Amino acid sequence: MNRDEQNDYGFEIESNIGIGNIGQWVSNFTYINGRGINAGIPSKNLFRRPDFIVNSTLTVNPFKSLTVAPSFRYVGERIPGEYDLGGPNPMSAYYTIDFYAAYTIKKKISLLQT
């Protein structure tokens, strides 16, 4: 959707922390905000884009052949687009918790579970 003027700003912070020789913890935080002006009327118009996103994954190799990686993702509340179903109500924030595991039997054979 075209606007007369758009002003956006944001930032992202990332971290990667080693845990000895057995793993690492990788996280990031993203913030974005924006305002548009169309026909002289200001509006918040970053449709379907959340203000906040947080991701965090802990990858651990307790044994040479075993990898486990729980992860967390948070996506903040979003405003729907002008033509989205559901009207002008904000799209709810949500989070997911995932788990990944792999066991290497031989160098070229792995069992995966997500």
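Going by the conditions given, is PHE11 within 23 Å of the chain's Cα centre (by Cα), among the aromatic types (Phe, Trp, Tyr) and closer than 14 Å to ILE79 by Cβ? Walk me through how you get there before you give the answer.
Values: within 23 Å of the chain's Cα centre (by Cα): yes; among the aromatic types (Phe, Trp, Tyr): yes; closer than 14 Å to ILE79 by Cβ: no.
So PHE11 does not fit the description; no.
Residues in segment 78-107 that are over 22 Å from TYR31 (Cα atoms) and assigned to a strand (DSSP E or B): ASP98, PHE99, TYR100, ALA101, ALA102, TYR103, THR104, ILE105, LYS106.
Filter segment 25-41 down to residues that are in a strand (DSSP E or B), over 18 Å from the mean Cα position of the chain (by Cα) and either within 15 Å of LEU58 (Cβ to Cβ) or at pLDDT below 80 (or both), then give me how many there are. So that I can check it myself, show each step before the final result.
First pass over segment 25-41, keeping only residues in a strand (DSSP E or B): 25-38, 41.
Subset that is over 18 Å from the mean Cα position of the chain (by Cα): 34-38, 41.
Narrowing the set further to residues that are either within 15 Å of LEU58 (Cβ to Cβ) or at pLDDT below 80 (or both) leaves 36-38, 41.
Number of matching residues: 4.
VAL75 meets the conditions (1) under 30 Å from ASP4 (Cβ atoms); (2) at pLDDT below 95 in every case but one. The failed one is (2).
Within segment 54-77, the set of residues being closer than 13 Å to ASN21 by Cβ and assigned to a strand (DSSP E or B) comprises THR59, VAL60, ASN61, PRO62, PHE63.
Which residue out of THR67, THR96 is surrounded by 16 or more Cβ atoms within 10 Å (Cβ to Cβ), in contact with a Phe, Trp or Tyr (Cβ under 9 Å, 6 or more places away or on another chain) and not basic (Lys, Arg)?
Details: THR96 fails: surrounded by 16 or more Cβ atoms within 10 Å (Cβ to Cβ).
So the residue among THR67, THR96 that is surrounded by 16 or more Cβ atoms within 10 Å (Cβ to Cβ), in contact with a Phe, Trp or Tyr (Cβ under 9 Å, 6 or more places away or on another chain) and not basic (Lys, Arg) is THR67.
Just one of the listed residues (LEU66, LEU46, LEU58) is within 30 Å of ASP4 (Cα to Cα) and free of Cβ contacts under 8 Å to residues at least 40 places away in the same chain, namely LEU46.
Here ARG48 fulfils each of the conditions (1) loosely packed, with under 14 Cβ neighbours inside 10 Å; (2) within 13 Å of the chain's Cα centre (by Cα); (3) outside any strand (DSSP E or B) apart from (2).
The values are calculated or read from the model by the stated rules, or taken from the named source; none is laboratory data. As the structure is a prediction and not an experimental result, all values here were calculated from the model. With ideal geometry, Cβ positions are generated from the backbone for all residues, glycine too; neighbour counts draw on all protein chains shown.
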